[in-house]
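Asks: Take this structure first; my questions come after.
Laboratory data are not the source of any read-out in this text; all were calculated from the coordinates shown. Everything numeric in this text was worked out from a predicted model, so none of it was measured. Don't worry about glycine lacking a Cβ; one is built from the backbone with ideal geometry, like all the others, and counts go over all protein chains shown.
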Amino acid sequence: MDSKHRTGISRRTIVKAGLAAPAVALLPAVARRAAAQDSVVVTMVTDTAGLGDQNFNDLANRGGTQAATELGVDFRVIESVDQAAYVPNLTQGAQDSQLVVGVGFLLTDAITEVAAQFPDAFFQLIDSVSDAGNVQSVLFKEEQIGYLAGIVAGETTKSNKLGVIGGQRIPPVIRYEVGFVAGVRSVNPEAEVNIVYTDTFGDQALGKQTVAAQFNDGADIIFPIAGFTGTGAYLAAAELNRPGEIWVVGVDTSQDHLAPGYELCVAQKGVDFAVYNAAKEVVDGAFQTGILNLGLAEGGVSLQAIEGRASDESIALARAYEREIIAGTIVPPVDDDTLAAFVVPATPEVSASPVASPAASPAATPTA
């Protein structure tokens, strides 16, 4: 793994309000001495999409690579070819490392099983919760940035047809989905949102085919919450060659390079920051177990505007809703039941500053 590739991540500590479970586990004295003398080994285990997914695994890898560069950790990656590989891959990581990072909800059972077998190792689980005592479970409030992306999309659409392509309907994807739908409804009740699930996060060709069908059916904005499958949305947009008429909302991280000019905005998720921060905690002898639930207020998610794409007015409106979410005045839905019960809020007052976010997210605005 090339630890010389530098990608910036802010070192700002996660706001403690993001702790849903306050348990803190400190490295034992022996481990602290070992960490002071030798490099801390951090091993990341991917889900089946692997590296190169232009999304979730690559974000986690970015955080680990940054930790290698800035903290001197020995960062390693084990790719999972199928779900049956999760337990042996995590086991290998636990045998060799002080910290093992499991990337994605689908590793929940495997990381709980392996963590119980290696009580002296530390584990980080991204996007799910394990009840093992040596696991840091990192959740993100995807509903918040899904909601803001829905505000921008609902304001931007001309056809009043929008599409969502999902991978598997697991909790973090559901939170994105229902947040987006609620955001669209909040500003454009006439708009239709067509939701299609592919049942895979690893099939770019299927994603392209699915999104092309949505575009051809009249959708002009697509929200792809499908990992590598979702990157097919960009390929579909580029192939249709309708700049300024059709758009893709970036999810987790910007993917505009896949189809330059077609990314409307980005619902950014700080997976990279979470991985970097966990490595730093191990190096510092202050690893936190329990649940970290990171949203706009904690700097774990953010809406990123792209100059010249969405209108200043739509971004300003999204920022107004963002302030209300941070204040707790608006609570976006997190599942089907809360979406059904969601009442469209009154339109908040728009600030004169349309682009700047009231919460400077370290995950969204990395520094070198």
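Asks: Given a Förster distance of 45 angstrom, what is the FRET efficiency for Asp336 paired with Val81, based on the Cβ-Cβ distance and rounded to 0.05?
Replies: The formula returns an efficiency of 0.85 here.
Asks: What is the local net charge at Glu349, summed over the other residues whose Cβ is closer than 10 Å to its Cβ (Lys, Arg +1; Asp, Glu -1)? All intermediate terms of the calculation are to be shown ahead of the outcome.
Replies: Details: positive: Arg323; negative: Glu324.
Here the count lands on 0.
Asks: Same structure, new question: With each run of n ≥ 4 DSSP H residues scored as -39500 (n - 2.57), what mean residue ellipticity at 222 nm is computed for the chain after dividing by its residue count and rounding to the nearest 500 deg cm²/dmol?
Replies: Taken over the chain, the calculation gives -11500 deg cm²/dmol.
Asks: To continue, here is another question. Report the extension gain between Glu113 and Glu239 in nm, rounded to one decimal, defined as 0.36 nm multiplied by the number of residues separating them, less their alpha carbon distance.
Replies: 40.9 nm
Asks: Would you count, across the chain, every pair of lysines whose alpha carbons are under 29 angstrom apart, provided the pair is eight or more residues apart or spans two chains?
Replies: Close lysine pairs found across the chain: 16.
Asks: Kindly put Asp53, Asp82 in sequence by how many other C-beta atoms sit within 10 Å of each C-beta, fewest to most.
Replies: Numbers: Asp53 24, Asp82 7.
Final ranking by Cβ density, sparse to dense: Asp82, Asp53.
Asks: Between Val344 and Ser311, what is the label-to-label distance in nm when each label sits 7 Å out along the Cα-to-Cβ direction?
Replies: 1.7
Asks: Starting from the 7 Å offset along Cα-to-Cβ, what nm value, one decimal, do you get for the label separation of Ala327 and Asn194?
Replies: Placing both labels 7 Å beyond Cα along the Cβ direction yields 3.8 nm.
Asks: Please sort 200-211, 141-152 by packing, taking for each peptide the average over its residues of neighbouring beta carbons within 10 angstrom, highest first.
Replies: With the highest mean Cβ count within 10 Å placed first, the list reads 141-152, 200-211.
Asks: Still on this structure, please answer the following. Taking the Cα of Gln95, stepping 7 Å toward and past its beta carbon, and measuring to each backbone N in the stretch 105-134: which are under 14 Å?
Replies: 118
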